[in-house]
Amino acid sequence: MNASSDHLGTRQDGSQWAVLMAQSPLSILIAAVVIAAVTYTWVSSTSATKGLPNINPPGFFSSVEAKKLFMISGWNLIAQARKLYPGQALRVMTQMGERIILPHELIEEVRNERRMNFPHGLVEDGGFGGMVPGFKPLSILDQNDIFQTVSKRHLTKIPAAMSKALCDEAEFIIPKVFGDSSDWHEMASSPAVHEIVTKVATRVFLGKEFCRNDNWIRVTEGYTESWALGSSELHLWPRPLLMLIQWVLPWCRAAMAQAKEARQMLEPVIAERQKMIQAAVSAGHDIPKFDDAIEWLEEEAARRGLACDAAMVVNFQLVLTMVAIHTTSDLLQQFMVDLAQNPESVQQIRQEVIEQLQAGGLSKESLHKMPLLDSAIKETQRLKPIQFLLMRRRAQEDIQFSNGLYLKKGTRTWMDTSRMRDPAVYENPDKWDAARFLRLRSQPDRANEGHLVSVSSDHFGFGYGIHACPGRFFAVHELKVIVCHLLVKYEWKLAPGTDVKPLYLGETSFANPGTKLLFRRREEAEYDFGSSA
Ligand code: HEM
């Protein structure tokens with residue numbers, strides 16, 4: 001028989017434990033949670049970084065309060081700590097566990113350091129290392145760079161046909177969302193902008209049929225939401241309990257159902273294509289081309305000798321929606337809010353846009369000749385990047401930096417974005433200044449840094465170095481196409497009393513989801529996009 005001594009020296013055998021558990025399963029569960037949490041906190045805190053300033057230390061028994069504090073006021077915590085400890089690395093307890101915030105002086109060392117990996121940490125954090133079935137699709141970001149390679153190969157140089165597809169969908173969807181009325185009417189900007197960006201991007205990723213399929217849009221959007229909310233909730237639980245808790249939390253169950261639904265929608269398309277290809281091969285005809293994200297992935301998998309099954313295609317599509325759409329619509333929404341607050345810049349940007357459209361149509365070349373528009377979007381991203389902590393990395397080995405900082409293998413780091421508001425770098429740093437990066441372009445030694453797609457140590461809104469966002473060329477092109485349509489066709493301004501302050505949650509900084517704008521159709525449209533929608 002199993003026997004043990006308790007702390008009073010009395011003996012309890014296996015049957016007494018069984019009685020105790022049966023009498024009080026809840027207290028046993030709570031004890032298990034506490035023990036797991038303490039063990040996890042202890043194990044995950046590495047000794048090498050223990051001496052660094054700890055800006056929200058966890059409690060002795062639980063880190064839940066520290067995690068919640070970071071979720072609610074991480075932005076303030078980091079901003080204050082940066083003032084108190086300039087140039088130092090900081091320890092912070094985030095909802096995902098302890099992270100080290102690196103000082104900006106290390107940015108050049110971090111950016112091309114292969115031992116500081118991006119996707120591995122992201123998949124561990126956001127995909128729970130594959131432990132949560134509903135979030136498994138995220139693992140595709142850490143499969144030998146296949147996702148990154150497809151993005152670079154197909155979304156860097158934007159072919160004319162892709163540009164036209166973006167323009168056609170913008171022409172189709174924008175009036176449906178903002179209407180045709182020349183009277184001022186109020187709209188919540190976040191859902192409106194989100195719908196436009198989703199449908200315009202999906203036109204490229206999966207074609208007309210899917211971008212206008214409300215079921216597809218509902219499922220993929222829903223999946224992104226389930227992941228965002230479900231993962232935030234799961235992070236509050238000790239890792240050893242995830243296998244159980246995920247079956248109870250509604251967002252985790254919803255993610256699983258949505259991934260299944262997405263698969264049911266894509267499977268017939270994949271099967272139909274296979275049939276068409278086989279028929280073409282048997283008849284000796286050319287193999288049909290689809291030129292969408294399903295085909296891009298299949299080709300890349302074939303290049304690597306990998307089987308590309310339906311599960312892989314579905315994972316790719318779900319993750320594409322997650323990384324490509326929310327980020328772009330957030331930047332567009334914030335840009336529209338910034339324009340609404342700076343009407344004098346709107347006039348100048350609109351004039352630049354109309355001149356270029358009239359001269360060369362809505363082409364890649366015309367978009368390149370709109371430097372004020374480019375500068376203004378970059379300025380919006382400087383003041384409100386998608387996260388105020390960027391360049392998420394995981395040390396794949398023990399690493400010693402030149403300033404003496406030593407990170408043990410497995411340590412997770414971020415770079416804070418205070419540099420992007422540093423008065424030593426940016427004059428009047430808290431002011432939105434449309435032409436700031438246009439002026440930078442005129443400095444011969446820094447001309448390249450002024451471009452929206454350029455990344456630098458002073459502006460890393462798209463990251464910096466080997467993991468800088470490979471989708472930024474596409475995102476910027478899409479954004480500009482949509483903004484051209486909006487500036488030619490609409491006027492907008494802030495609705496009275498509306499809140500425009502960004503929402504800071506955890507490490508993220510979102511355009512305010514409650515902002516309301518007033519819209520009206522412009523009387524004269526100086527340019528006719530004339531697309532075939
Ligand atoms: C305005 C829109 C976007 C913003 C603000 C944005 C931002 C970022 C940031 C900050 C990173 C991390 C870079 C680093 O840590 O150095 C990143 C990585 C990434 N982004 Fe974007 N992104 C956007 C659009 C897109 C789009 C359209 C795609 C389409 C495929 C995409 C795909 C990716 C991928 C695959 C990575 C991971 C890169 C790697 O693992 O090396 N992003 N993005």
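Worth pointing out:
- Being without any contact (Cβ under 8 Å) to a residue 60 or more places away in the chain and more than 12 Å from Gly461 (Cα to Cα) holds for only one residue in Gln400, Gln396, and it is Gln400.
- Listed by position, the helices (runs of 4 or more DSSP H) inside segment 142-214 whose residues that are of a type in the set (D, E, K, R), within 16 Å of the ligand (Cβ to nearest atom) and surrounded by fewer than 19 Cβ atoms within 10 Å (Cβ to Cβ) number at least 2 are 146-155.
- Matching residues in segment 289-311 - criterion: being within 21 Å of the chain's Cα centre (by Cα) and more than 15 Å from Thr149 (Cα to Cα): none
- Output for segment 220-277, where each listed residue is over 30 Å from Glu298 (Cα atoms) and polar (S, T, N, Q): Ser232, Gln246
- When Val319, Val323, Val314 are checked against the criterion of being buried (at least 19 other Cβ atoms within 10 Å of the Cβ), touching a residue at least 12 places away in the same chain (Cβ under 8 Å) and more than 14 Å from the ligand (Cβ to nearest atom), a single residue qualifies: Val314.
- Residues of segment 85-121 classified as in contact with a Leu (Cβ under 9 Å, 6 or more places away or on another chain) and part of a strand (DSSP E or B), total: 10
- Segment 470-514 holds strands (runs of 3 or more DSSP E) entirely within its bounds, and those carrying 1 or more residues that are of a type in the set (Lys, Arg) and more than 21 Å from the chain's Cα centre (by Cα) map to 490-494.
- When Ala89 is tested against (1) farther than 29 Å from Gln258 by Cβ; (2) out of contact with any helix residue (DSSP H, G or I) (no Cβ under 9 Å at 6 or more places or on another chain), exactly one condition is not met: (2).
- Filter result (part of a helix (DSSP H, G or I) and either modelled with pLDDT under 95 or β-branched (Val, Ile, Thr) (or both)) within segment 283-306: Ile294
- Within this structure, Glu124 passes the test of being touching a helix residue (DSSP H, G or I) at 6+ places or on another chain (Cβ under 9 Å), part of a helix (DSSP H, G or I) and within 16 Å of the ligand (Cβ to nearest atom).
- Checking each residue of segment 413-420 against the condition of being within 16 Å of the ligand (Cβ to nearest atom), of a type in the set (Phe, Trp, Tyr) and either out of contact with any Lys or Arg (no Cβ under 6 Å at 6 or more places or on another chain) or under 22 Å from Gln333 (Cβ atoms) (or both) gives no match.
- Residues that are touching a residue at least 12 places away in the same chain (Cβ under 8 Å) and of a type in the set (Ser, Thr, Tyr), drawn from segment 436-466: Ser457, Tyr464
- If you go through segment 376-392 and keep only what is among the hydrophobic types (A, V, I, L, M, F, W, C) and assigned to a strand (DSSP E or B), you end up with Leu389, Leu390, Met391.
- Index of the failed condition, Trp227 passing every other in (1) over 19 Å from Ile294 (Cα atoms); (2) surrounded by 16 or more Cβ atoms within 10 Å (Cβ to Cβ); (3) touching a Pro at 6+ places or on another chain (Cβ under 9 Å); (4) at pLDDT 95 or above: (4)
- Filter result for Leu452 (closer than 25 Å to Leu320 by Cα, touching a Ser or Thr at 6+ places or on another chain (Cβ under 8 Å), within 16 Å of the ligand (Cβ to nearest atom) and part of a loop (DSSP other than H, G, I, E, B)): yes
The values are calculated or read from the model by the stated rules, or taken from the named source; none is laboratory data. Not measured: the values here are computed from a predicted model. For neighbour counting, all protein chains shown are included, and Cβ atoms are generated from backbone atoms with ideal geometry for every residue, glycine included.
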